[in-house]
Amino acid sequence: MTIEEKIQASETRVFKTVFPNTTNHYDTLFGGAAMHMMDEVAFIAATRFSRQLMVTVSSDRIDFTKPIPAGTFVELIARVIHIGNTSMKVRVDIWIEQMYSDLREKAVTGEFSFVAIDENKKPIPIIK
């Protein structure tokens, strides 16, 4: 399998519902909850790509361009965008989808960096 085929195969999509327990005082998704979801789906994509132990080492710029209201669905799409020797970057986009209409728009974008580690928590090559 080529690198591009592995990237395609590891793309991860997760749908969630924005319930009141994840919202702030403006009745929109709390930023920390969004980042938690993004890190989780990025981790899944990184692991699916490498099939190794992966840990988050950083989150890069995260742009919140639209508020995400309670009572909507969100789709998180994670895709590997860069592969280094022991690390990789995964981009995550969050799309808002209204429950009772076809309206869909991008709300958040961010990048997360991961490192492959061995059983001693030492970095190891991603591509064997």
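Bear in mind that the values in this text are calculations on the coordinates, not laboratory data. Quick caveat, the model's predicted, so the values are computed rather than measured. Note that each Cβ is placed from the backbone with ideal geometry, even for glycine, and that neighbours are counted across all protein chains shown.
Only residues in the range 111-128 that are touching a residue at least 24 places away in the same chain (Cβ under 8 Å) count as the first member; pair them with residues that are loosely packed, with under 11 Cβ neighbours inside 10 Å and part of a loop (DSSP other than H, G, I, E, B), Cβ under 9 angstrom, at least 6 apart or cross-chain, and list the lot.
124/118
Please name all residue pairs, on different chains or six or more residues apart, with Cβ atoms under 6 Å, provided the first residue is in the range 4-17 and is closer than 13 Å to residue 81 by Cα and the second residue is charged (D, E, K, R) and surrounded by 13 or more Cβ atoms within 10 Å (Cβ to Cβ).
The qualifying pairs are 10/48; 11/79.
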